[in-house]
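Q: Starting off with a structure, shown below.
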Amino acid sequence: MYHTSTESPRADLIYRGKIELINGSGSIGIDSSSLMSDGTFESLTKNTQLFLQNNQTFDRVKGYIENGNVYALCENTNENITIDWMVTAERNDIEITS
């Protein structure tokens, strides 16, 4: 696993990617999409924030993070679209907390 840091006043990590929504919903594992071992995201982070962007239609999207997965829902269940997602989170590993 390779992590680098961003320039910010907090020790934040950023994860991002794309999710294909089929019939208005979709999900993706943060670990697998970031080429990390299962459980890495959950063990390294706290205070997560999720940002979703629909660049294909004007339909609203919303989502949540649960057990290291990003879940996204779109109000339009008739079209399949791909959305961008980004998660920011504070580092919570032993090097930071000690």
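The values are calculated or read from the model by the stated rules, or taken from the named source; none is laboratory data. From a predicted model like this one, the values you see are computed outputs, not experimental measurements. Please note: Cβ atoms are built from the backbone with ideal geometry, for glycine as well, and neighbour counts cover all protein chains shown. In case anyone asks, the SASA skips ligands and DNA or RNA and just uses the protein heavy atoms, side chains included. Shrake-Rupley method; radii C 1.70, N 1.55, O 1.52, S 1.80 Å.
Q: Per residue, how much accessible area does the chain show when a 1.4 Å probe rolls over the protein heavy atoms, in square angstrom? Numbers along the way, then the final one.
A: Details: 6610 Å² over 98 residues.
With all protein chains present, the chain gives 67 Å² per residue.
Q: Which net charge results for the neighbourhood of Leu21, defined as the other residues with beta-carbon distances under 15 angstrom from its beta-carbon, given Lys and Arg at +1 and Asp and Glu at -1?
A: -2
Q: What is the packing order of peptides 19-32, 50-63, taking the mean over residues of other C-beta atoms within 10 Å and listing the highest first?
A: Numbers: 19-32: 16.6, 50-63: 14.1.
Going by the mean number of other Cβ atoms within 10 Å, highest first, we get 19-32, 50-63.
Q: Let me ask something additional. For the chain, give the magnitude of the charge dipole about the Cα centre (Cβ charges: +1 Lys/Arg, -1 Asp/Glu; no others), in debye to the nearest 20.
A: In total the dipole reaches around 160 debye.
Q: At a probe radius of 1.4 Å, what is the per-residue accessible area of Glu66, in Å² to the nearest 10?
A: 90 Å²
Q: What are the semi-axes of the equivalent ellipsoid for the chain, taken as the square roots of 5 times the Cα gyration tensor eigenvalues, largest first, in whole Å?
A: They are 28, 13, 10 Å, listed from largest to smallest.
Q: To continue, here is another question. Over region 19-83, what is the mean sequence separation of C-alpha contacts under 8 Å (at least six apart), divided by residue count, expressed as relative contact order in percent?
A: The normalised contact order for region 19-83 reaches 49 percent.
Q: Further question on the same structure: Quick one: net charge of Ile81's neighbours, Cβ under 15 Å, K/R +1, D/E -1?
A: Local net charge: -2.
Q: While we're on this one: Once neighbouring chains are kept in place and the probe is 1.4 Å, which whole percent of the accessible area of the chain is contributed by carbon and sulfur?
A: For the chain, the apolar C and S fraction of the accessible surface comes to 45 percent.
Q: Excluding Asp93 itself, what net charge comes from residues whose Cβ is under 12 Å from its Cβ, given Lys and Arg +1 and Asp and Glu -1? It would help to have the intermediate numbers written out before the result.
A: Numbers: positive: Lys46, Arg91; negative: Glu42, Glu90, Glu95.
Spelling it out: positives minus negatives among the neighbours equals -1.
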